[in-house]
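A short write-up of the structure that comes next.
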Amino acid sequence: MRIALLEMRRQPSKFAAATLILTLVAVLLMFLGGLLDGLIRNSTGAIEALETEAIVFSESSQASLLRSRVEPSTRTAIESGLDADVGGLGVVQLGARVPGNGPRDLANVAVWGYQTSVSGVPSPPASGSAWADENLKVDGVQVGDELLLGPSRTPIVVAGWVSSASYNGQASLWVDADTWRMVLNENRPDGALTEGVFQALTVSMPGTMTATEVAETVQNLAGAGFIALTVPEAIDAIPGVTQQRNTFNQILGVTVLIALVVIGLFFALLTVERTGLYAVLKAVGAKSSTIFMGLVVQSVVLTAVAAAVASVAVIAIDAAIPPGSIPLFVSPQRLIMSAGQLVAAAVLGCAFSLRRILRIDPATALGGS
Amino acid sequence: MLTSTQPALEMTDVHKTYPMAGSEVVALGGATLSVGSDEIVALVGPSGSGKTTLCSIAGGILSASSGSVIVNGEDITAYEAKQLTKFRQEQVGFVFQTVNLVPFLTARENLLVVDEMGRRERAPARRRADRLLGELGLAERAKNLPGELSGGERQRVAIGRALMNEPSLVLFDEPTSSLDTELGSQVMELIRMEMKTRGTAAIVVTHDERITQFCDRTIGIVDGILGP
């Protein structure tokens, strides 16, 4: 192992080309991963931010907030059977006129009425005002601006910023339940709701029960005609999310496969080049496993260097891109996962050379061959 | 432990055949050879005569098809690959025709490779490497890479590497083939001195008759058959 590391230190140029290619592959992998996370976050961020164990929809809505209706009686049934915080939830997607922008230059917004805790979002602001997703900055929105929502031009004042809690690619505006109902009823008369009726209910019950258990209990209490989902289930129910995730994961899988092939080919070529040296080492008593471990160590170091450089590059790209321009979200988890995938691909890629190493005959070291 | 009466190598009626296109090619035909504990034997023969095969079998790189091979009292005839690897780590030293030092390791590190791949003694191995380099006149060149050494110096490093595991038998494969006559003679004198000082046996494979004067005994080999 020490010998393998010494070789990398003393002959870095031998590994430069492979490191460069792997770095590019790693940048691609991390950037695509960041795009996937950004897109998913843009589609589901608001739901993901809900600090709740279960969300109750009407069954016929197929977990679509826009189609769902939950009556106060259902809320009462749940509250009477479970010691939990039950809150109303609803959303309406509209165009918003921004002061200073042209009349047709609308910002797309999702206006949320909420009665539960939302990660990164304070308690509902005063009636007629909203916490705004910072992605709206791209549209020229500023704190204190009065946005005119929908065809009825319902005024909402921006009270402050919250980070990345978008829904269906639209920036969120978080308002109290009464304001949301007013905005909905004024701008979407076909979906108007009376007092006490929400599109969904959130059930928060931090404690010993898992989210799945809470959802099952809530389902029983709500009875027929309703479905109770955990937050991840509700996210998956958003149209297009699963397909988007699957598509990107396939692209990411192919990228990892490319990394595997690059490493496999590089070390296969290196092994061919070193056949004579390995024969000598075997003749003086080196085991095949020792030689192979040297290759694995080199591939892991090479990949780790590539992943580290790529991580810095992707973080720099993320910092350089203005918020809201492209849906890139770079998280430590994504970077670590990508690096882990690349290292696994490196080890696997080395396996291509194992058979060749096993077949090197130490006898070839003798006789000048 | 090697005793004065125990030969370093005893090969008895050793055959080595290779299957080829439905028939068998005889590389070694009934070789019987005994090498004393500090004896230096020159093995002389033309190309393809079986010199390398004999050395490979004596050094535990190849297994004999039949016959028995005993090195320093250890019968390696029926050893499996793993056992042969361990045997090579402990009992045999090799000096290859093309020297074959690890190009990115210094002279000292090339000696320590043997320990790295085998016993892993660390500190004692480092002391042994320094002592060997001193004996071989390479103390000042210990930190040089093979590319920075002359042909003779590289050959001396290779000899040092062969002696690192304190072997009972060292196999030299054409050790002077890449050196001029004068340098070749110097290297052979060094080999003789090192072997005799340590009481280590050696087989020197060569087809250069001039080398034989540095050896205690010369054995010829033609078509896999040992001669006088």
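Quick notes on this structure:
- Two-decimal log10 I(q)/I(0) for chain B, as the Debye equation yields it once each C-alpha is a single scatterer, q = 0.07 Å⁻¹: -0.21
- With neighbours defined as other Cβ atoms within 10 Å of a residue's Cβ, the residues B:SER37, B:SER150, B:SER168 order from fewest to most as B:SER150, B:SER37, B:SER168.
- Rg(Cα) / (2.2 N^0.38 Å) computed for region A:54-229, rounded to two decimals: 1.06
- Normalised alpha carbon radius of gyration of region B:1-126 [divisor 2.2 N^0.38 Å]: 1.18
- Phi-derived couplings, Karplus 6.51 cos²θ - 1.76 cosθ + 1.60 at θ = phi - 60°, listed residue by residue for region A:226-236: 9, 10, 10, 10, 6, 4, x, 5, 5, 5, 5 Hz, with x used for Gly and Pro.
- Between region B:126-188 and region A:91-127, the alpha-carbon center distance in angstrom: 81
- A:THR76/A:SER325 FRET efficiency (R0 56 Å; Cβ-Cβ; nearest 0.05): 0.75
- Rounded to the nearest whole angstrom, the semi-axes of the ellipsoid equivalent to region B:175-228, taken from the Cα gyration tensor as √(5λ), stand at 20, 16, 8, largest first.
- Between A:ARG67 and A:ALA308, the simple spin-label model (points 7 angstrom out along Cα→Cβ) gives 5.2 nm.
- Taken over region A:145-257, the convex hull of the Cα atoms encloses 199 Å³ per residue.
- Computed [θ] at 222 nm, helices only, for the protein assembly as shown once each DSSP H run of length n ≥ 4 contributes -39500 (n - 2.57): -14500 deg cm²/dmol
- Cα centroid separation - region B:200-228 against region A:220-293, whole Å: 57
- Listed by chain and number, the aspartates and glutamates placed with their C-alpha closer than 16 angstrom to that of B:LYS196 are B:ASP38, B:GLU39, B:GLU135, B:GLU166, B:ASP216; residues fewer than eight positions away on the same chain are left out.
- For A:SER127 and A:THR242, the difference between the fully extended length at 0.36 nm per residue and the C-alpha to C-alpha distance is 37.8 nm.
- Listed peptides A:36-43, A:254-261, A:168-175, A:209-216 by packing density, highest first (mean Cβ within 10 Å): A:168-175, A:36-43, A:254-261, A:209-216
- Cα-only Debye scattering, the protein assembly as shown: base-10 log of I(q)/I(0) at q = 0.06, 0.07, 0.08, 0.12 Å⁻¹: -0.55, -0.63, -0.69, -1.10
- Here B:ASP173, B:ASP130, A:ASP83 are placed in order of increasing Cβ neighbour count within 10 Å, fewest first, which gives A:ASP83, B:ASP130, B:ASP173.
- Of the two radii for region B:118-195, the radius of gyration is 0.96 times the Kirkwood radius, both from the alpha carbons; that is the Rg over Rh value.
- Lysines whose Cα lies under 18 Å from that of B:LYS16, excluding same-chain neighbours fewer than 8 positions away: B:LYS51
- Among B:LYS51, B:LYS16, the ranking by other beta carbons within 10 Å of each residue's beta carbon, starting with the fewest, stands as B:LYS16, B:LYS51.
- Shape category assigned to region B:23-96 from the gyration tensor of Cα positions, a/c cut at 1.5: oblate
- Region A:186-239: C-alpha gyration tensor shape, a/c 1.5 cut-off, then a/b vs b/c: prolate
- Peptide B:51-58 shows a mean partner chain C-beta count of 3 within 10 Å per residue C-beta.
- Here the spin labels are modelled as points 7 Å beyond Cα on the Cα-Cβ line, and at B:ARG122 and A:VAL197 they lie 7.8 nm apart.
- Relative contact order (percent, whole number), chain B, Cα cutoff 8 Å, 6+ residue spacing: 30
- Counting only aspartates and glutamates at least 8 places from A:LYS14 when in the same chain, those with an alpha carbon closer than 18 Å to its own are A:GLU273.
Only the coordinates and a few stated rules stand behind these numbers; no lab work does. Remember, predicted model here, so these are calculated numbers, not experimental data. We place every Cβ from the backbone using ideal geometry, glycine too, and count neighbours over all the protein chains shown.
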